[in-house]
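A short worksheet on the structure shown next.
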Amino acid sequence: MSKWTVSDMPSQKGRSAIVTGTGGLGLEDALALARAGAEVIIAGRNPGKGAEAVKRIRAEVPSAAARFEQVDLANLRSVADFCDRLRGQRDSLDLLINNAAVMVPPQRQETVDGFELQLATNYLGHFALTAGLMPLLRNGKNARIVSLSSVAARQGAIDFDDLNARHSYNPMRSYGQSKLACLMFAFSLQRRSEAGGWGITSIAAHPGISRTDLLHNAPGRWSGVGIARSLLWFMFQPAAQGALPTLFAATSQQARGGAYYGPDRLGEMRGYPAASKIPPQALDVEIAEQLWEISEHLVGRAI
């Protein structure tokens with residue numbers, strides 16, 4: 001997979017994809033998939049940003065079959081409504097990219113469902129989304145689910161005693177937990193697919209350190225990390241480059257189920273897609289099973 005780029009993507013004609021997130025990595029994912037001929041649904045919270053994303057895709061790919069669908073991953077009712085709509089519109093889905101995220105809001109925020117915002121948006125919302133779309137994915141052709149983790153998962157730990165950070169909130173600790181949960185989710189999905197004969201491939205990916213608005217949008221442009229993102233922009237690879245591991249996982253015949261892909265250089269901070277080093281805690285099957293059971297209980301849906 002030496003220096004794999006979008007030019008190496010196989011044709012996606014006849015395939016359908018949902019990508020969560022209207023900007024940054026999600027937009028780059030959707031644009032590349034549309035260029036390769038896929039039908040793409042961009043799923044996000046903000047209709048204005050969704051319209052801008054679709055407009056950009058159609059400007060670059062006039063023939064693109066791309067549209068926006070509204071969903072707020074921090075609201076389980078919104079996720080359920082989205083899944084109901086999609087199941088009413090179509091019979092199958094070939095690709096789901098669980099990409100959207102929030103990162104390190106300085107103060108703890110709680111969703112309408114009573115969850116800490118990062119856990120809700122980054123992990124639980126995608127857990128519920130995957131559950132709701134599973135009937136379509138089970139009918140898909142060589143269906144894949146790609147879940148986005150982060151280098152922050154290396155320091156992540158699942159705190160079952162305070163999963164929603166009600167007693168003690170540390171922005172980066174909660175973010176690391178949410179991204180570790182996403183990684184464990186990807187592995188658990190693959191195990192279940194193999195055991196149940198679902199015919200779905202589940203893969204994890206991470207973008208390294210990329211130039212997106214994630215740090216500006218959550219802690220703020222004038223926060224410490226926001227200022228670092230602005231002043232040290234040259235340390236962050238372009239979003240299109242950061243999207244490559246996800247696109248490799250989503251489309252390449254070389255990508256393996258249950259694997260984890262990220263950039264290949266500078267401690268996986270930047271570069272081209274390669275197999276990533278898996279944090280040891282992500283391989284703890286007992287913790288993963290406990291997390292899965294708790295997640296089903298919290299979102300009120302089984303996969």
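The values are calculated or read from the model by the stated rules, or taken from the named source; none is laboratory data. Computed from a predicted model, the values in this text were never measured in an experiment. As a convention, Cβ positions derive from the backbone with ideal geometry for all residues, glycine included, and neighbour counts pool all protein chains shown. Heads up: the accessible areas ignore ligands, DNA and RNA and are worked out on the full protein's heavy atoms, side chains in. Shrake-Rupley method; radii C 1.70, N 1.55, O 1.52, S 1.80 Å.
The table for this structure:
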| read-out | value |
| --- | --- |
| Check on Ala65, of a type outside the set (D, E, K, R) and over 19 Å from the mean Cα position of the chain (by Cα) | yes |
| Hits in segment 142-188 (condition: within 22 Å of Ile18 (Cα to Cα) and among the β-branched types (Val, Ile, Thr)) | Ile145, Val146 |
| Any chance Gln281 is surrounded by fewer than 20 Cβ atoms within 10 Å (Cβ to Cβ), within 24 Å of Leu95 (Cα to Cα) and either more than 19 Å from the chain's Cα centre (by Cα) or at pLDDT below 95 (or both) | no |
| Filter result for Leu119 (under 18 Å from Trp198 (Cβ atoms) and either open to solvent by less than 10 Å² (accessible area, probe 1.4 Å) or in contact with a Ser or Thr (Cβ under 8 Å, 6 or more places away or on another chain) (or both)) | no |
| Only listed residue being basic (Lys, Arg), in contact with a helix residue (DSSP H, G or I) (Cβ under 7 Å, 6 or more places away or on another chain) and touching a residue at least 24 places away in the same chain (Cβ under 8 Å), chosen from Arg67, Arg45 | Arg67 |
| Residues (over 11 Å from Ser149 (Cβ atoms) and touching a Phe, Trp or Tyr at 6+ places or on another chain (Cβ under 7 Å)) located in segment 170-191 | Ser188 |
| Hits in segment 245-265 - residues which are under 12 Å from Trp4 (Cβ atoms), of a type outside the set (Gly, Ala, Ser) and open to solvent by 10 Å² or more (accessible area, probe 1.4 Å) | Gln253, Gln254, Asp264 |
| Test for Met184: is it over 24 Å from Arg87 (Cβ atoms) and either open to solvent by 60 Å² or more (accessible area, probe 1.4 Å) or at pLDDT below 95 (or both) | no |
| Condition check for Ala152: outside any loop (DSSP other than H, G, I, E, B), small (Gly, Ala, Ser), open to solvent by 20 Å² or more (accessible area, probe 1.4 Å) and free of Cβ contacts under 8 Å to residues at least 40 places away in the same chain | no |
| Boolean, Asn164 is in contact with an Asp or Glu (Cβ under 6 Å, 6 or more places away or on another chain) and open to solvent by less than 20 Å² (accessible area, probe 1.4 Å) | yes |
| Matching option when the condition is in a loop (DSSP other than H, G, I, E, B) and crowded, with 18+ Cβ neighbours inside 10 Å, among Ala66, Ala53, Ala100, Ala80 | Ala100 |
| Those residues of segment 16-26 which are closer than 15 Å to Gln70 by Cα and in contact with a Lys or Arg (Cβ under 8 Å, 6 or more places away or on another chain), in sequence order | Thr22, Gly23 |
| Residue match in segment 2-19 (condition: touching a Gly at 6+ places or on another chain (Cβ under 6 Å), open to solvent by less than 20 Å² (accessible area, probe 1.4 Å) and within 28 Å of Asp264 (Cα to Cα)) | yes |
